[in-house]
Amino acid sequence: MTVRESAIVVGGGIIGCSIAYELTKRGFAVTLLDKGGLNEEASTAAAGMLGAHVEIHHDGPFYELCKESQRMYRPWTEELYELTGISPQYTPEGIVRAALTEDDELELRGRLPWIGCSWLSADEIRALEPALSPNVRGGLYFESDHQIHPLHLARSLQAALQLSGCRVMPWMPALGVIRENGRVCGVRCPQGPLYADRVIVTAGAWGGELLEGAGLKLPLFPVKGQCFAVRPASLPIRKTAFTQGCYIIPRQDGTLTIGATQLEVGFDKQPTAAGIAAVYAKAEALLPCVKEAAFLKTWAGLRPGTPDGLPYIGGVAGAPGLIVATGHYRNGILLAPVTAKLIGQLASGETPSTDLAPYTPERVHAAQA
Ligand code: GLY
């Protein structure tokens, strides 16, 4: 009889659930732990834009990684839907990235040499979305930056985990990693130790402490995003409208999701009047008719930030058995399928199909040295 390899995934956000699903498909016996319920933090506060073009401001390997994950999304969500009957609401409408200020226009024009689309005049932008403000100066249209609905993706992934036999343990904090004979081989939990061949830490902004216990001092900090939702009489836009500091996403249920602040205020995720007002002002400047929509609700999430804005994806020298996949900042939803694929390859002892050097957790120590 072949013995199945086992893995513990710490962190039940979209990244952790996607990795657990991938490892289960690869034949691992997987246990997924979270200190709370699954997908209760950044993953479901997220907007769900698959913004490989809109969110990335420089050419390079990270842009390529984002585009790879974007290409994986449709088949990945179709697979989840087929398995679970729960649709992640993949919506193939692009993002109109409109400039309202000279500075923003300059920043967007600076992307033209590598972004793969051309500058659109104000008239061309408003031909795409006529309800946008006449003050729009022009902008870019990212046709392949589609969207999913994070709540539906979370429900679909959770159902997929159940159907594929993953052991899911919510409300089970990992207090520390266990090392034996130089290898990380499990985690300490309040109910006792849990052992596995691999331990994968995906705990977002909360992962730093656990990793520090494993000898890895990775800077990870929460970046608060505050959002709100409104219900207009009818949807004024088909595509997501995005300007500096604000996006407006039309949902299949007839609502608009509007976000988001970007604040480093610790682990506070209470929406504030000032935060919502600041986002609202930008939303109204971009899409004036938003002021007539019925107000529904506010919420906030904590993105896991890193000093260089790149995620930590990879193994850890000096801690065999331990793998890190966290710090996805504004791009956790987008990067879920490609991160799961890469961690699946690493955990299985394969050479990752993407060079992980830019994302290695070791880069922090290299920078400190
Ligand atoms: N990716 C959208 C956000 O982080 O607000």
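What the table shows:
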| quantity | calculated |
| --- | --- |
| Alpha carbon centroid spacing (whole Å) that separates the range 1-68 from the range 136-190 | 4 |
| Nearest 10 degrees, 0 to 90: helix 61-84 Cα axis against the chain principal axis | 80 |
| Cβ-based exposure ranking for V96, V184, V9, V54, in which fewest neighbours within 10 Å come first | V54, V184, V96, V9 |
| Straight-distance crosslink candidates among aspartates and glutamates, where the alpha carbon sits under 18 Å from K35 and sequence neighbours closer than 8 are dropped | E209, E212, D268 |
| Rounded FRET efficiency, nearest 0.05, which uses the C-beta distance separating Q162 from Q252 and R0 of 25 Å | 0.55 |
| Kirkwood estimate for the range 128-246, i.e. one over the average of 1/r between Cα atoms, Å | 19.3 |
| Residue order, fewest to most surrounding Cβ atoms within 10 angstrom, among Y90, Y81 | Y81, Y90 |
| Alpha-carbon centroids, the range 102-129 and the range 282-305: separation in whole Å | 23 |
| Helix-only mean residue ellipticity at 222 nm for the chain, each DSSP H run of n ≥ 4 adding -39500 (n - 2.57), per residue, nearest 500 | -9500 deg cm²/dmol |
| Sequence-separation-based contact order of the range 191-248, relative, with Cα cut under 8 Å and 6+ spacing, percent | 17 |
| Burial ranking of peptide ranges 315-328, 278-291 (average Cβ count within 10 Å, highest at the top) | 315-328, 278-291 |
| Using alpha-carbon coordinates, inclination of helix 332-347 to the longest axis of the chain, degrees | 20 |
| Ranked W299, W171, W119, criterion: other C-beta atoms within 10 Å, fewest first | W171, W119, W299 |
| Rel. contact order, % - alpha carbon contacts under 8 angstrom, at least six apart, the range 199-328 | 34 |
| Length-normalised contact order for the chain - Cα pairs under 8 Å, 6+ apart - percent | 22 |
| Listed residues T326, P193, A42: farthest to the positive end of the dipole of the chain (Cβ charges) | P193 |
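No lab work stands behind these numbers, since they all come straight from the coordinates. All figures in this text were calculated on a predicted structure; none of them were measured in a lab. When we count neighbours, we look across all protein chains shown, and the Cβ atoms used for this are built from the backbone with ideal geometry, even at glycine.
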